[in-house]
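Following: one structure in structure tokens, then a few remarks.
The values are calculated or read from the model by the stated rules, or taken from the named source; none is laboratory data. Please read these numbers as outputs of a predicted model, since none were measured by experiment. Here Cβ is always computed from backbone atoms with ideal geometry, including for glycine, and neighbour counts include all displayed protein chains.
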Amino acid sequence: MQDELFARLAEEGHPGLRPQHGAVLGYLDPEGSRATDLAQRSGQHKQVVGKVVDELEALGYVERRPDPHDRRAKLVVPTARGLDQMVRSDAVVEELERRHAETVGHDTYAEFRRVLREVTELQRGWREQG
């Protein structure tokens, strides 16, 4: 799915994005997120998220702004280009999921998603313990 998502995004005006950028863009709130929150949500190390944010900032997808609730912290905030990518990405993922659900059956796909979420949560718990 990831390969198709990024190929489609490239066709729709976002050719510089790569799958690793999803560690930020896939978890970024439209009003902005702290890098530590992005790391936690994505399961990536803070250093990886920092590198990805640097790349996305250079590509014009995000900018860093002071956090209005904590002057010491920074928020990663999507730019207009970043917001456009987020909307397009959501639409592509929705279309892909609909296609897969129609292919294997809606109940089967719903069960697949439930099990995948459960396994992901188990893995996150293991990572936090380790």
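Would you check which residues across the range 1-16 are of a type in the set (A, V, I, L, M) and more than 9 Å from Ser89 (Cβ to Cβ) and list them? Met1, Ala7, Ala10, listed by residue number.
In the set (1) at pLDDT below 95; (2) surrounded by 15 or more Cβ atoms within 10 Å (Cβ to Cβ), the condition left unmet by Asp29 is number (1).
Contact map, the range 104-129: residues that are farther than 15 Å from Arg41 by Cα paired with residues that are surrounded by 12 or more Cβ atoms within 10 Å (Cβ to Cβ) and at pLDDT 95 or above, Cβ distance under 6 Å, separation 6+ or inter-chain. Pairs shown: Tyr109/His100; Tyr109/Ala101. When you look at Val52, is it without any contact (Cβ under 8 Å) to a residue 40 or more places away in the chain, among the hydrophobic types (A, V, I, L, M, F, W, C) and out of contact with any Gly (no Cβ under 8 Å at 6 or more places or on another chain), yes or no? The answer is yes for Val52. The helices (runs of 4 or more DSSP H) located wholly in the range 21-130 that include 3 or more residues which are over 17 Å from Met1 (Cα atoms) occupy 35-42, 46-59, 80-104, 106-129.
Annotation note: of Val92, Val77, the sole residue that is closer than 15 Å to Pro19 by Cα and aliphatic (A, V, I, L, M) is Val92.
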